[in-house]
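Structure first, commentary second.
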């Protein structure tokens, strides 16, 4: 009943016709606790919009945390303080991940359940690899 479609007066008449101040105190307590909000409409987003927003937020978080990483800061400074084995390991790891990235993504290209999902995955794959 208290979903915003009924007035306070109507609620008072329905539940406490002889004590209207009870509804007023309930509404006041709910407002003080932060359970009541304005009359703004709730925005609904599609699944793809939610995923894109989540991707943007996670990318921002990764960028922010990545720049604070001690290894990355040392690599950006271009000093000789970094041990040679760390540089070799860093180089080999990135080479391996970059060269084998498509091997991890290729199996999803044949996703059978939805032609629309398969088309979107193919678009992403072609954008990244230009094939």
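Sort out which residues of segment 97-117 are in contact with a helix residue (DSSP H, G or I) (Cβ under 7 Å, 6 or more places away or on another chain) and either assigned to a helix (DSSP H, G or I) or at pLDDT 75 or above (or both), and write them in order of number. 102, 105, 108, 109, listed by residue number.
Could you tell me whether residue 56 is out of contact with any helix residue (DSSP H, G or I) (no Cβ under 8 Å at 6 or more places or on another chain), closer than 30 Å to residue 116 by Cα and either at pLDDT 75 or above or exposed (fewer than 11 other Cβ atoms within 10 Å of the Cβ) (or both)? Yes; evaluated as a whole, the condition is true for this residue.
The values are calculated or read from the model by the stated rules, or taken from the named source; none is laboratory data. Just so we're clear, the structure is a prediction, and the values are computed from it rather than from any experiment. Backbone-built Cβ (ideal geometry, glycine too); neighbour counts: all protein chains shown.
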